[in-house]
């Protein structure tokens, strides 16, 4: 216990802890929305496409996460737009977007002269280097999500559940879908700092899938998955620190462990 | 009397594929119209046009200012594992009349309770829809269509995935509802439909309106509505007069 208090004295660890709490809240809310709507694969496409923006930003000397955010938002809008057009095979276009983004990213990182950025950090996350500015962004987007869900839960639910019926009911379905996919994209990009491009998707899916085993509606699913995500992230972070392991990986292990336990409990 | 909705020379197409051409239809206050026709004949497209989901390529739709539609889509278009409670499904129907940013009030929640009682699921407010049988789910979606007090109820194949015993009670229910609202019922099951509805619209690229509910095999075949006809034994048969094909 003393050791833990001592650990909290380090600003890097405090930041890491706050970051994992904030990403847990975000991943719980946004992840439940993604899982409920069965758009996990779309979110994967957006995540990986964002690496392209990161690479270009690096090459041009912009903040990499700004580039990632722009790419993520553009691909989210693109996917939303193309899914409204009939006759487009969504899964193949997402796969193309997915690998094209990665290809652009790797190409520009390669072309960047001199110092080669820490690729591992982008791919697998680097929670111990989280800055105060990252925390501010995470807080802002988490607050936006909480407020939107509180105010518009019924209508978000109606659109997510049955978009066609919702548009018959004169709900501005397209606008709501665009806004929500932009928020999903931003949430994912901001969580990349903590989890990395490759692992971030699991942070958004595992807790939601676990919560889905028990929750009867989307709101409860969000609450449960925030809690599951908090437990998994914080314990994963501590394990990573004590055993000197990469935090992204340990967090995925703790989350999967929780999922398996809950799954077994449901079976018995 | 002004019709609730009037379709004038509507042509509807997907890309360049014309599905409905030059159709006309009027729906009045106490109508109960059965929409029949083969698969791919344009039944669903007709509904989409009426529900504003598809913009017609040409033609005009005139809606009564008091038109309020309630819509029951085909259940197979719905994700049955979606985490949503029965109560919330029904509440989502209310946005047909209330503004979308409004939160449901007490009165509305009371109405949900009444509807659930009406369909015999009064203790299931907070159950998720995944736990319902096909027939129960159909009834819940019917409540979603009814909560906004529509004067035109549109049902798309309500008898698929429903057991025969429920089907009978569904049709009784629709008979009751027809006292307060017009009903447009799409079905492939001509046999059942003909005993329920007042008039029939046969959709197959075009639309032929029969101001009666009596249909026979001959009619169906001569107007390219190749559907099996189930006879109920004592149904009086009547041959309708010939259409004027353009």
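Results for (1) under 20 Å from the mean Cα position of the chain (by Cα); (2) within 12 Å of chain A (Cβ to nearest Cβ), shown as yes or no for each residue.
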site: B:108; (1), (2): no, yes
site: B:121; (1), (2): no, no
site: B:129; (1), (2): no, yes
site: B:144; (1), (2): yes, yes
site: B:147; (1), (2): yes, yes
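If only one of A:242, A:223 is within 14 Å of another protein chain (Cβ to nearest Cβ) and more than 29 Å from residue A:51 (Cα to Cα), which one is it? Working first, answer last.
Details: A:242 fails: within 14 Å of another protein chain (Cβ to nearest Cβ).
Matching residue, one of A:242, A:223: A:223.
When you look at residue A:123, is it within 14 Å of chain B (Cβ to nearest Cβ) and modelled with pLDDT under 95, yes or no? Outline the logic, then answer.
Working: within 14 Å of chain B (Cβ to nearest Cβ): no; modelled with pLDDT under 95: yes.
No; evaluated as a whole, the condition is false for this residue.
I want to confirm something. Restricting to the range B:34-45 and keeping residues that are over 11 Å from residue B:202 (Cβ atoms) and more than 13 Å from chain A (Cβ to nearest Cβ), which single residue is surrounded by the most Cβ atoms within 10 Å (Cβ to Cβ)?
B:40
For residues in the range B:46-67 being within 11 Å of another protein chain (Cβ to nearest Cβ) and outside any helix (DSSP H, G or I), which is modelled with the highest pLDDT? Working first, answer last.
Filtering the range B:46-67 for residues within 11 Å of another protein chain (Cβ to nearest Cβ) gives B:47-48, B:50-54.
If we keep only those that are outside any helix (DSSP H, G or I) as well, we get B:51-54.
Working: B:51: 91, B:52: 88, B:53: 88, B:54: 88.
Looking at residues that are within 11 Å of another protein chain (Cβ to nearest Cβ) and outside any helix (DSSP H, G or I), I get B:51.
Residues being surrounded by fewer than 22 Cβ atoms within 10 Å (Cβ to Cβ) and closer than 18 Å to residue B:160 by Cα: count how many of those fall in the range B:175-201.
Number of matching residues: 7.
Of the residues that make up the range A:147-170, is at least one more than 14 Å from chain B (Cβ to nearest Cβ) and part of a helix (DSSP H, G or I)?
Of all residues in the range A:147-170, those more than 14 Å from chain B (Cβ to nearest Cβ) come to none.
No: the range A:147-170 contains no residue that is more than 14 Å from chain B (Cβ to nearest Cβ) and part of a helix (DSSP H, G or I).
Just to check your reading of the model, which residue among A:132, A:149 is farther than 25 Å from residue A:223 by Cβ, at pLDDT 90 or above and touching a helix residue (DSSP H, G or I) at 6+ places or on another chain (Cβ under 9 Å)? Talk me through it step by step, then tell me what you get.
Numbers: A:149 fails: farther than 25 Å from residue A:223 by Cβ.
The conditions single out A:132.
Does any residue of the range A:123-133 turn out to be free of Cβ contacts under 8 Å to residues at least 60 places away in the same chain and closer than 30 Å to residue B:50 by Cα?
Taking the range A:123-133 first, the residues free of Cβ contacts under 8 Å to residues at least 60 places away in the same chain are A:133.
If we keep only those that are closer than 30 Å to residue B:50 by Cα too, we end up with none.
Looking for residues that are free of Cβ contacts under 8 Å to residues at least 60 places away in the same chain and closer than 30 Å to residue B:50 by Cα, one finds none in the range A:123-133, hence no.
How many residues does the range B:80-103 contain that are without any contact (Cβ under 8 Å) to a residue 40 or more places away in the chain, more than 15 Å from residue A:170 (Cα to Cα) and either surrounded by 17 or more Cβ atoms within 10 Å (Cβ to Cβ) or more than 7 Å from every other protein chain (Cβ to nearest Cβ) (or both)?
Number of matching residues: 2.
I'd like to know if the range B:183-196 contains one or more residues that are within 14 Å of chain A (Cβ to nearest Cβ), part of a loop (DSSP other than H, G, I, E, B), on the phi < 0 side of the Ramachandran plot and in contact (Cβ under 8 Å) with a residue 12 or more places away in the chain.
Step one: list which residues in the range B:183-196 are within 14 Å of chain A (Cβ to nearest Cβ), which gives B:184.
Those left that are additionally part of a loop (DSSP other than H, G, I, E, B): none.
No, there is no match, as no residue in the range B:183-196 is within 14 Å of chain A (Cβ to nearest Cβ), part of a loop (DSSP other than H, G, I, E, B), on the phi < 0 side of the Ramachandran plot and in contact (Cβ under 8 Å) with a residue 12 or more places away in the chain.
What residue, among those in the range A:210-219 that are closer than 19 Å to residue A:151 by Cα and within 8 Å of another protein chain (Cβ to nearest Cβ), is surrounded by the fewest Cβ atoms within 10 Å (Cβ to Cβ)? Even if it seems obvious, please write down each step before you answer.
Filtering the range A:210-219 down to residues closer than 19 Å to residue A:151 by Cα leaves A:217-219.
Among the residues that remain, those that are also within 8 Å of another protein chain (Cβ to nearest Cβ) are: A:217-218.
Numbers: A:217: 21, A:218: 27.
Only one residue fits best here, namely A:217.
Among (1) in contact with a helix residue (DSSP H, G or I) (Cβ under 6 Å, 6 or more places away or on another chain); (2) surrounded by fewer than 19 Cβ atoms within 10 Å (Cβ to Cβ), which single condition is residue B:119 missing?
(2) is the only condition that residue B:119 fails.
Among the helices (runs of 4 or more DSSP H) confined wholly to the range A:1-76, which include 2 or more residues that are surrounded by 22 or more Cβ atoms within 10 Å (Cβ to Cβ)? Working first, answer last.
Working: elements: A:2-8, A:11-36, A:40-60.
Result: A:11-36, A:40-60.
Whether any residue in the range A:107-118 is part of a helix (DSSP H, G or I) and either within 13 Å of another protein chain (Cβ to nearest Cβ) or within 30 Å of residue A:10 (Cα to Cα) (or both) is what I want to check. Steps first, please.
Initially, the range A:107-118 is screened for residues part of a helix (DSSP H, G or I), giving A:107-111.
From what is left, the residues that are either within 13 Å of another protein chain (Cβ to nearest Cβ) or within 30 Å of residue A:10 (Cα to Cα) (or both) are none.
Looking through the range A:107-118, none of the residues is part of a helix (DSSP H, G or I) and either within 13 Å of another protein chain (Cβ to nearest Cβ) or within 30 Å of residue A:10 (Cα to Cα) (or both).
Filter the range A:215-246 down to the residues that are touching a helix residue (DSSP H, G or I) at 6+ places or on another chain (Cβ under 8 Å), within 23 Å of residue A:152 (Cα to Cα) and not in a helix (DSSP H, G or I) and list them by number.
The answer is A:215, A:217.
Criterion first (surrounded by fewer than 22 Cβ atoms within 10 Å (Cβ to Cβ), in contact (Cβ under 8 Å) with a residue 40 or more places away in the chain and either touching a helix residue (DSSP H, G or I) at 6+ places or on another chain (Cβ under 7 Å) or under 20 Å from residue A:199 (Cα atoms) (or both)) does residue A:79 satisfy it? Let's see the steps before the verdict.
Values: surrounded by fewer than 22 Cβ atoms within 10 Å (Cβ to Cβ): no; in contact (Cβ under 8 Å) with a residue 40 or more places away in the chain: yes; either touching a helix residue (DSSP H, G or I) at 6+ places or on another chain (Cβ under 7 Å) or under 20 Å from residue A:199 (Cα atoms) (or both): yes.
When the stated conditions are applied, residue A:79 does not pass them.
Could you identify the single residue in B:72, B:67, B:142 that is under 21 Å from residue B:186 (Cβ atoms) and surrounded by fewer than 18 Cβ atoms within 10 Å (Cβ to Cβ)?
Sole residue among the options that is under 21 Å from residue B:186 (Cβ atoms) and surrounded by fewer than 18 Cβ atoms within 10 Å (Cβ to Cβ): B:67.
Suppose we filter the range A:171-190 for residues that are crowded, with 18+ Cβ neighbours inside 10 Å and more than 10 Å from chain B (Cβ to nearest Cβ); how many remain?
Taking the range A:171-190 and keeping what is crowded, with 18+ Cβ neighbours inside 10 Å, we get A:171, A:173, A:176-177, A:180-181, A:183-190.
From the residues that got through so far, the ones that are more than 10 Å from chain B (Cβ to nearest Cβ) too are A:177, A:180-181, A:183-190.
Qualifying residue count for the region: 11.
The values are calculated or read from the model by the stated rules, or taken from the named source; none is laboratory data. Source: prediction; values computed, not measured. A quick note on method: Cβ atoms are made from the backbone with ideal geometry, for glycine too, and the neighbour counts reach across all protein chains shown.
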